[in-house]
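Please treat every number below as a calculation from the coordinates, not as lab data. A quick note: this is a predicted structure, and the numbers were derived from the prediction, not measured. Counting neighbours? That spans all protein chains shown, and the Cβs are built from the backbone with ideal geometry, glycine included.
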Amino acid sequence: MTKALIVIDVQNDFCAGGALAVPDGEEIVQGINALMVGAGAVVLTQDWHPGDHSSFASQHEGKAPFATTHMPYGTQVLWPDHCVWGSQGAAFHADLHVDPADLIIRKGFRRDIDSYSAFFENDQTTPTGLHGYLTERDITDLLMVGLALDFCVNFSAQDAARLGYNVTVQTDLCRAIDVDGSLDAALDALRTAGVKLA
Ligand code: VGL
Ligand code: ZN
């Protein structure tokens with residue numbers, strides 16, 4: 001049994017001063033670095049969007065950030081432009097230890113579909129490849145941390161549980177956006193999915 005640390009989206013745009021800053025997002029960086037020491041595997045995810053990504057409110061006339069719209073795959077929250085590929089905002093937080101990462105997985109790079117989860121895009125069928133990687137390495141147990149607890153950590157953990165992994169979310173090393181009760185909803189959904197909260 002190998003256990004992997006999955007670090008979700010610890011990027012400048014989700015930290016103080018970023019385009020979609022998660023309150024206190026940067027506070028978790030040192031604790032995450034400490035967890036990397038002795039981890040069986042370390043995977044980082046990176047939200048990585050083209051400049052005209054369909055999840056950006058700027059691409060929808062008359063829509064403000066945090067409004068919702070209907071996409072072919074369901075309801076989509078519209079975000080401020082964030083994590084545009086190659087930008088400083090899309091880079092990992094400067095203090096995050098990137099060298100120990102075995103794998104960096106990028107997601108959200110297709111214009112017409114958002115991807116919160118590290119495993120599947122928001123249509124819940126297009127795979128990112130992470131499940132194949134973990135399976136080949138015989139990784140069965142996942143410890144998840146990062147940003148944001150109510151979006152990308154939440155959907156990654158639910159997908160992982162559905163795929164049969166033994167999943168723990170360490171909530172003190174996560175921070176949430178919390179739009180419209182999204183944090184409470186996420187915690188309920190995680191418990192229902194059988195994800196352990198530590
Ligand atoms: C995220 C909203 C949009 C996240 C990414 O990392 O939680 N949230 N893109
Ligand atoms: Zn995004």
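Side notes on the structure shown:
- Signed unit charges on C-beta, dipole axis of the chain, positive-most listed residue Phe155, Phe14, Asn166: Asn166
- The calculated 222 nm mean residue ellipticity attributable to helices in the chain amounts to -5000 deg cm²/dmol, summing -39500 (n - 2.57) over DSSP H runs of n ≥ 4 and dividing by all residues.
- R0 of 35 Å, Cβ-Cβ distance Asn33-Ala185: FRET efficiency to nearest 0.05: 0.75
- Each Lys or Arg adds one and each Asp or Glu subtracts one; over the other residues with Cβ under 12 Å from the Cβ of Asp114, this totals -1.
- Total charge dipole magnitude, region 1-77, about the Cα centre, Cβ charges on Lys, Arg, Asp, Glu only, Debye to nearest 20: 240
- Gyration tensor (alpha-carbon) shape descriptor, region 101-172, a/c threshold 1.5: oblate
- Sparse-neighbour loop sites [trypsin sites (Lys or Arg not before Pro); region 107-138; at most 15 other C-beta within 10 Å; DSSP]: Arg110, Arg111, Arg137
- About the Cα centre, charge dipole magnitude for region 48-198 (Lys/Arg +1, Asp/Glu -1 at Cβ), debye: 140
- Region 139-198 - Rg and Dmax from Cα coordinates, angstrom: 10.4, 35
- Acute angle (nearest 10 degrees) that the helix 182-192 long axis makes with the longest principal axis of the chain, alpha-carbon atoms: 40
- Mean silhouette area of region 1-72, derived from the convex hull of its C-alpha atoms and averaged over all directions, reads 7.2 nm².
- Cα centroid separation - region 116-154 against region 44-101, whole Å: 17
- Under 13 Å, Cβ to Cβ, from Gly17 - net charge with Lys/Arg +1 and Asp/Glu -1: -3
- Cα extents of region 1-151 along the three principal axes, largest first (Å): 49, 33, 25
- 16 Å Cα-Cα reach of Lys3 towards lysines, excluding residues that sit fewer than 8 places from it in its own chain: Lys196
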